[in-house]
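Reviewing the structure listed below.
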Amino acid sequence: MSDSIKVFAPGSVSNVGCGFDILGFAIDGIGDEMILSENDLNKISIKPIEGYENLPTEASKNVAGVAIQAMLDDLGSNQGFDIEIHKNIKPGSGIGSSSASAAGAVVAANELLGKPYSREQLVDFAMQGEVAASGDAHADNAAPTVLGGFCIVRAYDPLDVIQIESPKDLWCVVIHPQIEIKTKEARELLSAQVDLKKAIRQWGNVAGLISGLHQSDYNLIGRSLEDHIVEKQRKILIPEFDNLKQAVLEAGALGCSISGSGPSVFALANGRETADVIAAAMDTVFKRTDLDYKIYVSKVSDGGVKIL
Ligand code: ADP
């Protein structure tokens, strides 16, 4: 067995409109690459991350180190690892930068250790890494990043994740304005109370979205993507959000909302052709600003973290 491994850890879109904190999917179009090697030092050591020198390299502060440590503690092992992270997903992007590192780390370490855990079990450890990033354990990025497809986080105690295969012609377009929004700060904007009428519309949409995904009913997916609770409170953080959403819907998107806690915005489309038209519409809106941005057109990842 090799003592070194390289993995691709995909980005992810969480919340998916109506599914705040319970729904997410991973995307193939952007992700981090990581190389993990076993060492004999009983220590997790993280190399400085090129281009992101401000990210912590102490294992107890970097989500990759925290996630692996959670796994080693459960296993009762003191195996050491050297970790190299090649980051393509900017932290604070809303497309699961921290989850990619946490998920990539545990999948790679598990492989090197001879696979003591299933992918499903690894979600819990990846989620422990997320605590280091945002202060609380949420799995709506970590689960799809580890497992692929759409993932519902039905419950946390104990963790109960349900995976749904993505409809075959479903495409995703993500625009990432190059500003940073910390998940922690975006959470502080949210009111703790939910109006019952809005909640009823929201869980109707969640049910509709899940059914739509199961039946590959693109119209139903589109009708259900609307978020009545969180989007309104958070969109003030995102430049051009209303113009962007309008342009994207006119371009044929099934729906459009904030990816994670932003600033990224995602749209779903039936087919690649429409996805490209949506990407062009996003580009037109953002070209008028003086902000840097990146646009990704991608299918939903069908396997999560990939061993290269
Ligand atoms: P994102 O949704 O892009 O993951 P978060 O705000 O949830 O954004 O997480 C970013 C935070 O996690 C930053 O404060 C960053 O310093 C911290 N962090 C720790 N380790 C990593 C890592 N390996 N990759 C990305 N962010 C990390």
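The values are calculated or read from the model by the stated rules, or taken from the named source; none is laboratory data. Keep in mind it's a predicted model, so treat the numbers as computed, not measured. We place every Cβ from the backbone using ideal geometry, glycine too, and count neighbours over all the protein chains shown. Each accessible area value is taken on the protein alone, full model and side chains, heavy atoms only, with ligands, DNA and RNA left out. Shrake-Rupley method; radii C 1.70, N 1.55, O 1.52, S 1.80 Å.
Things to note:
- Candidates in the stretch 130-162 are the residues that are part of a loop (DSSP other than H, G, I, E, B) and within 16 Å of the ligand (Cβ to nearest atom); of these, the one that is nearest to HIS214 (Cα to Cα) is ASP140.
- Residue within the stretch 239-250 that is in contact (Cβ under 8 Å) with a residue 60 or more places away in the chain, closer than 20 Å to SER298 by Cα and crowded, with 21+ Cβ neighbours inside 10 Å present: yes
- A residue that is aliphatic (A, V, I, L, M) and closer than 21 Å to LYS47 by Cβ cannot be found anywhere in the stretch 114-125.
- Sole residue being within 20 Å of the chain's Cα centre (by Cα), at negative phi, surrounded by fewer than 21 Cβ atoms within 10 Å (Cβ to Cβ) and assigned to a helix (DSSP H, G or I), chosen from LYS235, LYS294: LYS235
- Selection within the stretch 58-67 - surrounded by fewer than 24 Cβ atoms within 10 Å (Cβ to Cβ) and either basic (Lys, Arg) or within 7 Å of the ligand (Cβ to nearest atom) (or both): LYS61
- Qualifying positions in the stretch 279-307 - more than 15 Å from PHE25 (Cα to Cα), among the hydroxyl-bearing types (Ser, Thr, Tyr) and touching a helix residue (DSSP H, G or I) at 6+ places or on another chain (Cβ under 8 Å): THR284, TYR293
- Boolean, VAL131 is buried (at least 24 other Cβ atoms within 10 Å of the Cβ) and more than 27 Å from TYR293 (Cβ to Cβ): no
- Some residue of the stretch 214-226 being surrounded by 17 or more Cβ atoms within 10 Å (Cβ to Cβ) and free of Cβ contacts under 8 Å to residues at least 24 places away in the same chain: yes
- Cross-chain or 6+ apart pairs with Cβ under 8 Å, the stretch 181-201 first and within 14 Å of HIS138 (Cβ to Cβ), then open to solvent by less than 60 Å² (accessible area, probe 1.4 Å) and more than 16 Å from the ligand (Cβ to nearest atom): LEU190/GLN233
- Residue in the stretch 200-217 that is farther than 22 Å from THR145 by Cα, touching a strand residue (DSSP E or B) at 6+ places or on another chain (Cβ under 8 Å) and either modelled with pLDDT of 95 or more or acidic (Asp, Glu) (or both) present: no
Residue-wise test of (1) in a loop (DSSP other than H, G, I, E, B); (2) near the ligand (Cβ under 10 Å from one of its atoms).
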residue	(1), (2)
ASP21	yes, no
ILE27	no, no
ILE35	no, no
GLU50	yes, no
PRO56	yes, yes
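- Output for the stretch 103-123, where each listed residue is in a helix (DSSP H, G or I) and away from the ligand (no atom under 12 Å from the Cβ): VAL106, VAL107, ALA108, ALA109, ASN110, GLU111, LEU112, ARG119, GLU120, GLN121, LEU122, VAL123
Residues are listed down the side, and each one gets a yes or a no for (1) among the hydroxyl-bearing types (Ser, Thr, Tyr); (2) in a loop (DSSP other than H, G, I, E, B):
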site: GLY212; (1), (2): no, no
site: ASN219; (1), (2): no, no
site: SER257; (1), (2): yes, no
site: GLY260; (1), (2): no, yes
site: PRO263; (1), (2): no, yes
site: VAL277; (1), (2): no, no
site: ALA281; (1), (2): no, no
site: PHE286; (1), (2): no, no
site: ASP302; (1), (2): no, yes
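Yes/no per residue for (1) among the basic types (Lys, Arg); (2) surrounded by 13 or more Cβ atoms within 10 Å (Cβ to Cβ); (3) touching a Cys at 6+ places or on another chain (Cβ under 7 Å):
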site	(1), (2), (3)
GLY149	no, yes, no
ILE152	no, yes, no
PRO158	no, no, no
GLN163	no, yes, yes
TRP171	no, yes, no
PRO177	no, yes, no
THR183	no, yes, no
ARG187	yes, yes, no
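- Restricting ALA100, ALA126, ALA70 to those that are in contact with a strand residue (DSSP E or B) (Cβ under 7 Å, 6 or more places away or on another chain), in a helix (DSSP H, G or I) and either within 12 Å of the ligand (Cβ to nearest atom) or at pLDDT 95 or above (or both) reduces the list to ALA100.
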